[in-house]
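One structure is given below, encoded as structure tokens.
The values are calculated or read from the model by the stated rules, or taken from the named source; none is laboratory data. All figures in this text were calculated on a predicted structure; none of them were measured in a lab. Here Cβ is always computed from backbone atoms with ideal geometry, including for glycine, and neighbour counts include all displayed protein chains.
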Protein chains: 2
Amino acid sequence: MKYELYYWPEIQGRGEFIRLALEEAGADYIDVARRPGGEDKMFAAMRSARLQELPFAPPFLKAGKLTIAQTANILLFLGRRHKLVPATEAGMFWVHQLELTIADFLVEIHDTHHPVGSGLYYEDQKKEAKRRTGDFLKNRAPKFLGYFDDVLARNKSGYLAGARLSTADLSLFQIVEGLRYAFPKTMRRIERKYARVVQLHDRIAERPRIAAYLSSEQRIPFNEMGIFRHYPELDR
Amino acid sequence: MKYELYYWPEIQGRGEFIRLALEEAGADYIDVARRPGGEDKMFAAMRSARLQELPFAPPFLKAGKLTIAQTANILLFLGRRHKLVPATEAGMFWVHQLELTIADFLVEIHDTHHPVGSGLYYEDQKKEAKRRTGDFLKNRAPKFLGYFDDVLARNKSGYLAGARLSTADLSLFQIVEGLRYAFPKTMRRIERKYARVVQLHDRIAERPRIAAYLSSEQRIPFNEMGIFRHYPELDR
């Protein structure tokens with residue numbers, strides 16, 4: 001079956017967490033909004049009068065008759081189908097718990113540059129962004145990274161959950177990629193404290209399908225429209 | 001089986017979404033941290049060296065051998081066990097999608113009074129809070145409430161998903177309760193626009209187990225330590 005992914009065409013954003021899972025799974029998918037006329041198709045799909053399972057916002061995924069929104073929800077769905085989530089109930093809830101914690105982390109990363117309102121320009125909240133980013137880099141990023149490092153320390157496989165790769169590992173890879181883009185100075189200074197997280201990142205980057213995807217034209221470069229933005233004045 | 005819920009003892013917060021599901025299900029549970037010595041027990045459980053499935057933060061739930069964190073994840077687990085989530089795969093992902101959207105809404109509600117940092121006092125970010133709340137009440141709250149009203153309009157049962165009550169209905173009830181506490185003036189002005197949401201709220205409030213719970217001592221009153229805080233200067 002061919003999946004249809006619907007997400008903003010010009011950024012990695014939340015869609016990228018889903019792309020990484022699809023790529024690792026070797027799944028057949030169309031990135032709908034990146035095709036000619038695709039963005040209109042995305043808006044039409046979101047507002048379709050026939051649709052009960054309304055997405056609040058992109059990303060959403062069509063899989064046959066199903067339309068599923070919310071990044072972590074989509075990853076749970078794909079993970080179950082493509083063995084990127086454990087088959088046991090306990091394993092499923094554990095990986096999903098990790099994904100939801102990564103989603104919380106991502107909101108806080110986004111809000112470093114948009115502490116006042118997501119509908120306003122960064123330029124109109126620069127002062128607040130500086131304060132929020134200061135707190136984020138000092139307190140929140142270390143807390144999240146330390147948490148994931150601790151989870152890795154408690155496991156023997158080098159993956160976050162159980163013996164095998166899961167969507168959570170791919171998502172944490174993307175978090176490290178994004179933090180390095182957004183806050184290169186800070187990350188150079190602090191990432192050695194989270195050696196297990198960095199090790200996992202490097203291990204994911206070397207997986208053949210991920211490596212091929214990352215070096216392809218399909219991978220949209222990070223930019224200042226996305227969630228991870230590099231504003232030098234925010235990076236200490 | 002007796003569940004053990006672990007959450008901060010003095011606030012409704014995220015724990016309340018789980019309490020409402022447990023109460024509606026008539027489940028047997030202990031609210032661990034509200035018992036004498038319970039908060040210490042919570043910290044010990046969170047840091048236990050034997051635990052692989054580490055919670056990042058409360059709430060978390062112990063169910064036999066399982067320890068599950070992340071509010072929406074816990075609700076998915078309880079919902080499947082107590083028929084508060086549809087048995088079909090499509091129904092399960094739809095209800096969970098709604099829960100995750102409610103979780104996003106809740107983060108934005110929290111950030112109205114803490115736009116700069118969750119570790120700082122409100123008093124140290126009052127100016128930023130005023131700006132953020134302005135954007136929230138003008139743009140974000142109407143967008144979320146309008147979305148849920150639209151979802152209800154597309155369904156025939158008066159519930160958000162399918163023909164029966166789900167955890168998502170209970171959670172949306174709690175959102176309306178909290179918004180009325182935090183922003184009474186604004187809600188009096190705007191809530192008539194979301195009549196289906198208000199109707200659902202009223203219907204949930206009348207359910208016998210919920211009504212009994214709400215009028216009991218178990219229901220912690222809203223206060224200015226929780227997620228929903230009433231600061232008159234933020235309510236227009």
Subset of the range A:181-211 (residues that are more than 20 Å from A:Gly158 (Cβ to Cβ) and in contact with an Asp or Glu (Cβ under 8 Å, 6 or more places away or on another chain)): A:Ala182, A:Phe183, A:Pro184, A:Lys185, A:Thr186
Residues located in the range A:135-151, provided they are within 8 Å of another protein chain (Cβ to nearest Cβ) and surrounded by fewer than 18 Cβ atoms within 10 Å (Cβ to Cβ): A:Asn139, A:Asp150
Check on A:Pro115, more than 10 Å from chain B (Cβ to nearest Cβ) and either surrounded by 21 or more Cβ atoms within 10 Å (Cβ to Cβ) or closer than 27 Å to A:Ala205 by Cα (or both): no
B:His82 being more than 8 Å from chain A (Cβ to nearest Cβ) and at pLDDT 95 or above: yes
The range B:64-79, residues that are more than 23 Å from A:Asp149 (Cβ to Cβ), buried (at least 18 other Cβ atoms within 10 Å of the Cβ) and either facing chain A (nearest Cβ under 10 Å) or not small (Gly, Ala, Ser) (or both): B:Thr71, B:Ala72, B:Ile74, B:Leu75, B:Leu76, B:Phe77, B:Leu78
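What about A:Gly162, is it at negative phi and at the interface with chain B (Cβ under 10 Å from one of its Cβ atoms)?
Against the criterion (at negative phi and at the interface with chain B (Cβ under 10 Å from one of its Cβ atoms)), A:Gly162 does not qualify.
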One residue from B:Leu160, B:Leu170, B:Leu165, B:Leu137 being in contact (Cβ under 8 Å) with a residue 60 or more places away in the chain, under 22 Å from B:Thr71 (Cβ atoms) and part of a helix (DSSP H, G or I): B:Leu170
Some residue of the range B:94-101 being more than 15 Å from the chain's Cα centre (by Cα), surrounded by 16 or more Cβ atoms within 10 Å (Cβ to Cβ) and assigned to a helix (DSSP H, G or I): yes
Failed criterion for B:Phe56 (all others in (1) outside any loop (DSSP other than H, G, I, E, B); (2) hydrophobic (A, V, I, L, M, F, W, C); (3) at the interface with another protein chain (Cβ under 9 Å from one of its Cβ atoms) hold): (1)
